[in-house]
1. Would the range 1-20 turn up any residue that is in a helix (DSSP H, G or I), at pLDDT 95 or above and surrounded by fewer than 13 Cβ atoms within 10 Å (Cβ to Cβ)?
2. What is the number of the single condition among (1) within 11 Å of ligand 1 (Cβ to nearest atom); (2) modelled with pLDDT of 95 or more that PHE56 does not meet?
3. Quick check on my filter: what residues within the range 34-47 are away from ligand 1 (no atom under 15 Å from the Cβ) and crowded, with 17+ Cβ neighbours inside 10 Å?
4. Looking for whichever is more than 12 Å from ligand 2 (Cβ to nearest atom), surrounded by 14 or more Cβ atoms within 10 Å (Cβ to Cβ), within 27 Å of the chain's Cα centre (by Cα) and more than 24 Å from PHE10 (Cβ to Cβ) here; the options are LEU50, LEU94. Which one fits?
5. If I go through the range 27-78 residue by residue, how many of them are touching a residue at least 24 places away in the same chain (Cβ under 8 Å), assigned to a loop (DSSP other than H, G, I, E, B) and not acidic (Asp, Glu)?
6. Could you say which residue among LEU173, LEU151 is within 11 Å of ligand 4 (Cβ to nearest atom), assigned to a helix (DSSP H, G or I) and either of a type in the set (Asp, Glu) or surrounded by 10 or more Cβ atoms within 10 Å (Cβ to Cβ) (or both)?
7. Being in contact with a helix residue (DSSP H, G or I) (Cβ under 6 Å, 6 or more places away or on another chain) and among the polar types (S, T, N, Q) is the filter here; which residues of the range 56-87 pass it?
Amino acid sequence: MWNILKENDFQIDAACKLKVMCTSCKKVMIKPCQVPCGCRYCCDCLTNYLDGEEKFCLGDTDYCKSELINIDKNVFVDQAINREISGIVVKCPLESCEFKSELGKMANHMRTCDRQALTCPYCSIGCEKNNIVVDKMELHFKQENYCHAKLLMDFVDNWRNEMKLFKTSVLDLREENKCIKEQMESQQVK
Ligand SMILES: [Zn+2]
Ligand SMILES: [Zn+2]
Ligand SMILES: [Zn+2]
Ligand SMILES: [Zn+2]
């Protein structure tokens, strides 16, 4: 769940977001933990902020400046808020997909979401299709069969030519080396 939360921008309504927002980065918390004043942070945000020291909370309640935060002594993982975050209902982050589910279950859906855009594997040699939804990939292969084959042949041809050029340049280099050697030798003789 934390990974998809990190990598995607989910639309979450403001009231709900306020409850599950990190005191530091103001986003939905990733691995939330609670400090003595009751404020909550992403685990990473808190570690970065404290940077090995004891500091007061960044929040602005009266409690925030009453006790120093010490990561070993008074920071707690809050399971209740974990559950709350995993229960937030969100839409699949892929634009054309209208699927909605709880955040905790979204990772499952995203693994199999058929709106996921894929890149044609022939892209690296020139096919320009780079956002094909999964169920259209087969169709693309059928339609572009000839083009794909041609791309492949061109690629092989190109590669062959490059190899030829490479070979000749190696031969040239060898020839050059020989000349230099001969020059040096003839100078030493003098
Ligand atoms: Zn944060
Ligand atoms: Zn606080
Ligand atoms: Zn989806
Ligand atoms: Zn293609």
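The values are calculated or read from the model by the stated rules, or taken from the named source; none is laboratory data. Keep in mind that this is a model prediction, so the values were computed, not measured. Cβ coordinates were reconstructed from backbone atoms using ideal geometry, including for glycine residues, and neighbour counts include every protein chain displayed.
1. No, that holds for no residue.
2. Single failed check for PHE56: (1).
3. Correct list: PRO36, CYS37.
4. LEU50
5. Of the residues in that region, 16 qualify.
6. Just one listed residue meets the conditions, LEU151.
7. The one that is in contact with a helix residue (DSSP H, G or I) (Cβ under 6 Å, 6 or more places away or on another chain) and among the polar types (S, T, N, Q): SER86.
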